[in-house]
Amino acid sequence: MPQAGEDPPHNECADKFPPNRYPGMDVLVDGKRFDALQAGVRVLWEIKTHRFDTYNAFIRRQTILEQVPLLQEERDKAEACGYGFVVGVSTEEHKAALEAEDRFLNIVVTGCKR
C-alpha cells in the first residue's frame with residue numbers, strides 16, 4: 001500500500017531507519033496503516049518526525065495527549081496480530097515525554113527530521 005503521507009523526509013525515515021521491508025509502502029495490519037515493517041523481523045514501526053524539541057510547553061503537552069492513545073491502539077493491534085511495535089521519534093525530548101505517559105511503549109530515537 002503506497003505511503004499515506006506526503007512528507008518526503010518522513011517517508012525516507014520510514015524506509016531507511018528500521019529498515020523497511022517494503023520501501024515506499026505502508027503496511028496494513030488489522031485495518032491500521034503502519035509506517036514500516038522492519039526487514040528480517042516481525043516488528044511494525046510508527047515514525048514521528050516532529051521537531052518536538054522546538055515546541056512550546058503547551059504544544060508539547062497537546063501533542064503527547066494526542067499521540068499516546070493512538071500509539072497504544074497501534075501497539076495493541078500489532079501485538080494482537082503477532083508483531084512487535086516500535087515508535088521512532090526524532091528527539092530525546094519526544095521520547096522522554098512519551099515514556100512519561102506510557103513507560104511500556106518501545107521508543108527509539110531516530111534523529112530523522114522533517
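Filtered by the rule that a residue be exposed (fewer than 13 other Cβ atoms within 10 Å of the Cβ) and touching a residue at least 40 places away in the same chain (Cβ under 8 Å), the range 82-100 gives a lone residue, Gly82.
Criterion first (at pLDDT 95 or above, of a type outside the set (Gly, Ala, Ser), surrounded by fewer than 20 Cβ atoms within 10 Å (Cβ to Cβ) and not in a helix (DSSP H, G or I)) does Arg103 satisfy it? Yes, satisfied.
So for the range 30-39 (the condition being among the hydrophobic types (A, V, I, L, M, F, W, C), outside any strand (DSSP E or B) and under 19 Å from Ala14 (Cα atoms)), does at least one residue qualify?
First, pick out the residues of the range 30-39 that are among the hydrophobic types (A, V, I, L, M, F, W, C): 34, 36-37, 39.
Now drop any that are not outside any strand (DSSP E or B), which leaves 39.
Next, only the ones that are under 19 Å from Ala14 (Cα atoms) stay: 39.
The answer is yes, given that some residue of the range 30-39 is among the hydrophobic types (A, V, I, L, M, F, W, C), outside any strand (DSSP E or B) and under 19 Å from Ala14 (Cα atoms).
When restricted to residues that are surrounded by fewer than 18 Cβ atoms within 10 Å (Cβ to Cβ) and either among the basic types (Lys, Arg) or in a loop (DSSP other than H, G, I, E, B) (or both), the range 9-20 contains 2. Candidates are the residues of the range 28-49 that are at pLDDT 95 or above and among the β-branched types (Val, Ile, Thr); the one that is nearest to the chain's Cα centre (by Cα) is Ile47.
Taking (1) in contact with a helix residue (DSSP H, G or I) (Cβ under 8 Å, 6 or more places away or on another chain); (2) surrounded by fewer than 15 Cβ atoms within 10 Å (Cβ to Cβ); (3) assigned to a helix (DSSP H, G or I) in turn, Glu66 satisfies each apart from (1). Criterion applied to Ala39, Ala78 was being in contact with a Leu (Cβ under 8 Å, 6 or more places away or on another chain) and at negative phi, and the one residue passing it is Ala78.
For the range 21-61, the set of residues classified as surrounded by 12 or more Cβ atoms within 10 Å (Cβ to Cβ) and free of Cβ contacts under 8 Å to residues at least 12 places away in the same chain consists of Pro23, Tyr55, Ile59, Arg61, listed by residue number.
The values are calculated or read from the model by the stated rules, or taken from the named source; none is laboratory data. This one's a predicted model, so the numbers in the text were calculated from it and none came from an experiment. Cβ: placed from backbone, ideal geometry, glycine included. Neighbour counts: every protein chain shown.
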